[in-house]
Amino acid sequence: MGADEASDKAEKLARLDQGFAGGIPHNKALGLKFVNFDGATAWLRLPYDKKLVGNPHTGVMHGGAITSMLDAACGAAVFLALKRMGPIATLDLRIDYLKSGLAHKDVMCRTECYKLTRHIAFARGIAYHDDESDPIACATGTFAIGTKGAPIPGTK
């Protein structure tokens, strides 16, 4: 990647972080950070915060915070896949928890939109601490594209 491409990507990443992570009140309250993107794949970080702890005895982040991150990140991957921005809504989201998270550690996730139709987008992803091959949870979701039966122009 050349210097201009790297600069363009850094600028887009900053806009994504500002608009997506900072511009959506729930994402902002969670402290979500847009870390990277490539095509229709998004990487986000959920910083450890004691207000997100589910069990004060263990210090482990609440599963609801991780679910919210995966939902938001799958939505982000859908937005990255769209040719034009438009409204989307989560239709279905399944989270499988594979193991407990670790106390006092940020949670990362990688999500991808792997199929886009005129009205529905399909996304999947994983949440992890340091190693994607050792996930805390995995997610699959479907998202409605457009509103009132009108797809976003440019979708199949």
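Sort out which residues of the stretch 59-107 are among the hydrophobic types (A, V, I, L, M, F, W, C) and either over 21 Å from Ile120 (Cβ atoms) or surrounded by fewer than 16 Cβ atoms within 10 Å (Cβ to Cβ) (or both), and write them in order of number.
If the condition is that a residue be among the hydrophobic types (A, V, I, L, M, F, W, C) and either over 21 Å from Ile120 (Cβ atoms) or surrounded by fewer than 16 Cβ atoms within 10 Å (Cβ to Cβ) (or both), then Val60, Met61, Ala65, Ile66, Met69, Met85, Ala89, Leu91, Leu98, Leu102, Ala103, Val107 are the ones that fit.
How many of the residues making up the stretch 110-119 are modelled with pLDDT of 95 or more and out of contact with any helix residue (DSSP H, G or I) (no Cβ under 7 Å at 6 or more places or on another chain)?
Qualifying residue count for the region: 3.
I need the strands (runs of 3 or more DSSP E) fully contained in the stretch 7-58, keeping only those with at least 3 residues that are within 19 Å of Ala123 (Cβ to Cβ).
33-38, 41-46
Which residue pairs have Cβ atoms under 9 Å apart, sit 6 or more places apart or on different chains, and have a first residue in the stretch 7-35 that is surrounded by 14 or more Cβ atoms within 10 Å (Cβ to Cβ) and a second that is among the β-branched types (Val, Ile, Thr) and not in a helix (DSSP H, G or I)?
Leu13/Val35; Asp17/Val35; Leu32/Ile24
Can you name every residue in the stretch 136-151 that is crowded, with 19+ Cβ neighbours inside 10 Å and either at pLDDT below 95 or outside any strand (DSSP E or B) (or both)?
Matches in the stretch 136-151: Ile136, Ile145.
The values are calculated or read from the model by the stated rules, or taken from the named source; none is laboratory data. Note that this is a predicted model, so its numbers are computed, not measured. Please note: Cβ atoms are built from the backbone with ideal geometry, for glycine as well, and neighbour counts cover all protein chains shown.
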